[in-house]
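The values are calculated or read from the model by the stated rules, or taken from the named source; none is laboratory data. All values reported here derive from a predicted model rather than from experimental measurement. Because the Cβ atoms are built from the backbone with ideal geometry, glycine has one as well, and the counts that use them run over all protein chains shown. Heads up: the accessible areas ignore ligands, DNA and RNA and are worked out on the full protein's heavy atoms, side chains in. Shrake-Rupley method; radii C 1.70, N 1.55, O 1.52, S 1.80 Å.
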Amino acid sequence: TTFIDFVNYRTFWKLVNNQREQALGILATTTNYSRLAGIGAVLLIVTGMGMVAFLQGIPETQLWFRIKMIFVLLLVINSIFNGRRLDIKLRKAFKADSEAVTGEVLRLKGKLQMFYLMQLSFVLIIIFLTTYKFS
């Protein structure tokens, strides 16, 4: 969902100046992804805990797993506290639809780009740690 959300926001920013109605339609569609992302976050944590329980705590003793779980938590926390806040601000800015909002929208664009860069980096680090397990 993080990658799909990233692609949707990139498409949104490409359309916002020329095809505003389509851009706002994409923005409205992304509302559903936050629910999916929440379900995905819960599944990440539950399956990690299930793996630890199933393997009787063995992964918990390995450094790669501990580091991975930190990044999973960072992914979830960043999504909840930064991503959600930025998304709400962006939606409010487009509802206001005034010239004064333009500067705010551009600031939000930069912050959203940084947010997605962090999220995608966390995902890549998690995949790397899962693939190249070390002690």
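Picking from ALA93, ALA28, ALA23, which residue would you name as being free of Cβ contacts under 8 Å to residues at least 24 places away in the same chain, surrounded by fewer than 16 Cβ atoms within 10 Å (Cβ to Cβ), out of contact with any His (no Cβ under 8 Å at 6 or more places or on another chain) and among the small types (Gly, Ala, Ser)?
Being free of Cβ contacts under 8 Å to residues at least 24 places away in the same chain, surrounded by fewer than 16 Cβ atoms within 10 Å (Cβ to Cβ), out of contact with any His (no Cβ under 8 Å at 6 or more places or on another chain) and among the small types (Gly, Ala, Ser) holds for just one of ALA93, ALA28, ALA23, which is ALA28.
Anything in the stretch 122-135 that is open to solvent by 50 Å² or more (accessible area, probe 1.4 Å) and more than 14 Å from PRO59 (Cα to Cα)? List them, or say none.
LEU124, ILE125, ILE127, PHE128
Which members of the stretch 33-74 meet the condition of being part of a helix (DSSP H, G or I), touching a residue at least 60 places away in the same chain (Cβ under 8 Å) and of a type outside the set (Phe, Trp, Tyr)?
LEU63, ILE67, LYS68
Is the stretch 8-29 home to any residue that is modelled with pLDDT of 85 or more, among the basic types (Lys, Arg) and either within 17 Å of LEU120 (Cβ to Cβ) or part of a helix (DSSP H, G or I) (or both)?
Scanning the stretch 8-29 turns up at least one residue that is modelled with pLDDT of 85 or more, among the basic types (Lys, Arg) and either within 17 Å of LEU120 (Cβ to Cβ) or part of a helix (DSSP H, G or I) (or both).
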